[in-house]
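Let me begin by presenting the structure, written as structure tokens, before commenting on it.
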Amino acid sequence: MASERGVLMLILLALFCTIKSSHASTGGIAIYWGQNNGDGTLTSTCDTGNFEIVLLAFLNDFGCGRTPSWNFAGHCGDWSPCTKLQPEIQHCQNKGIKVFLSLGGAFGSYSLCSPQDAKEVANYLFQNFLSGQFGPLGSVTLNGIDLDIEGGGSNLYWDDLVKELDVLRRENQYFYLSAAPQCFMPDYYLDKAIKTGLLDYLFVQFYNNPPCQYSPGNTALLFNSWNTWTSYVLPNNTVFLGLPAGPDAAPSGGYIPPNVLINEVLPYVKQASNYGGVMLWDRFRDVQNRYSDQIKAYVPKDALRFVTAVSDAIYEGVSEALRHILPNY
Ligand SMILES: *[C@@H]1O[C@H](CO)[C@@H](O)[C@H](O)[C@H]1NC(C)=O
């Protein structure tokens, strides 16, 4: 009896590991870095241990034949080559943190002119940021590309860009694709890209959007929008709750004080099977408010409780089966 229990425990342990690893994300924090010198260095951001994903913001000039260029505030640019970020990016990656390049943002000159243009931009991104060849950030292999498309005039061909990048990640080493739509649906710029189903992560901006964000004492609009989003996308498209890291990070609102997030909001949003965690805009405000420090412990799903419930059910089932095979069990 004792040894049979032992064997059972081993089977269950193997099952637990399978269950655990089949869930890509149990909840982490993604953060945008690069729009203010007050962000601190990329290395110091990763050394907090608070983040699962760091998004370099932004490559904000590209497409329609433009020479691609980026705006990383004073971190690097005209007077300081961005290749100095190479060791910092690698430092983050060595800690298991995923580093993405984010395209777009609120300012800049970007758009795509045709499906062929989308393909050319995809190839440019792959060669310069995803292949390990020498590019503007040095010889790096970033972990993903993020689309924070909120301007540029045209909403065309972003789905083509996603499809072309998907072709490249299938032919080469896998990299992630993400987008940061506004919570108000459908997102003017990104809806078609989202409908491809190819985006691993959606960093939905539940701020600066009064119809679908938190306001003091009122979680209803936020929860309603969260439910719509998590059921709108495919089950394998993970949704992050995108939030401002401080009240001044979102002039049109949506800031949620840490205690409200921890006690009221996270317990609710975590119930979605494709909950991925919290996205923060941006590291500069996070440094000032220590927002990620305060919420970090509460962001992961309570995976243990889920696994224990499942394992109890499996144990009952296997015990029942063994009782039939082994009369003395
Ligand atoms: C999600 O699953 C669908 C198949 O149902 C697949 O076509 C798609 O590539 C997957 N998306 C991601 C991001 O893995």
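Looking at the stretch 118-187, which chymotrypsin sites (Phe, Trp or Tyr not before Pro) are in a loop (DSSP not H, G, I, E or B) and have at most 13 other Cβ atoms within 10 Å?
The qualifying sites are Tyr174.
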(request) Read phi for every residue in the stretch 101-115 and hand back ³J(HN,Hα) as whole Hz from Karplus 6.51 cos²θ - 1.76 cosθ + 1.60, θ = phi - 60°, with x for Gly and Pro. (result) 9, 9, 9, x, x, 6, 10, x, 10, 8, 5, 10, 9, 6, x
(request) Compute the signed sum of charges (Lys and Arg +1, Asp and Glu -1) over the other residues within less than 14 Å, Cβ to Cβ, of Leu56. (result) -2
(request) For the stretch 209-220, just list the computed ³J(HN,Hα) in residue order, Karplus coefficients 6.51, -1.76 and 1.60, θ = phi - 60°, integers in Hz, with x standing in for Gly and Pro. (result) 9, x, x, 9, 10, 6, 10, x, x, 10, 9, 4
(message) Longer than 28 Å from Cα to Cα, which of Lys98/Lys195; Lys195/Lys301; Lys84/Lys195; Lys98/Lys192; Lys119/Lys195; Lys98/Lys301 are they? Say none if no pair is.
(response) Lys84/Lys195
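If you stretched the chain out fully between Asp61 and Lys95, how much longer would it get, using 0.36 nm times the residue separation minus the C-alpha to C-alpha distance? Walk me through the intermediate numbers first.
Values: separation 34, 0.36 × 34 = 12.24 nm, distance 3.03 nm.
Answer, rounded to one decimal: 9.2 nm.
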(request) List the trypsin sites (Lys or Arg not before Pro) within the stretch 82-167 that fall in a DSSP loop (any state other than H, G, I, E or B) and whose Cβ has at most 14 other Cβ atoms within 10 Å. (result) Lys95
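What's the exposure ranking of Arg66, Arg170, going from fewest to most Cβ atoms within 10 Å? Kindly include the intermediate steps, with their values, before the conclusion.
Details: Arg66 14, Arg170 8.
In order of increasing Cβ crowding within 10 Å: Arg170, Arg66.
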(message) Taking the Cα centre as origin and putting +1 on Lys and Arg beta-carbons and -1 on Asp and Glu beta-carbons, what dipole magnitude results for the stretch 198-300, to the nearest 20 debye?
(response) 80 debye
(message) 5 Å is the cut-off here: which amide hydrogens, built 1.01 Å from N in the peptide plane, fall below it relative to Gly135, excluding neighbours closer than 5 in sequence?
(response) Val140
(request) Over the alpha-carbon set of the stretch 220-297, divide Rg by the Kirkwood Rh and report the Rg/Rh ratio to two decimals. (result) 0.96
(message) For Gly242, what residues show an amide H to amide H distance below 5 Å, using hydrogens built from the backbone and excluding near sequence neighbours?
(response) Val204, Phe206, Met279
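Rule-based calculations on the coordinates, nothing more; no lab input. Being a predicted model, the structure only gives us computed values, none of them experimental. We place every Cβ from the backbone using ideal geometry, glycine too, and count neighbours over all the protein chains shown.
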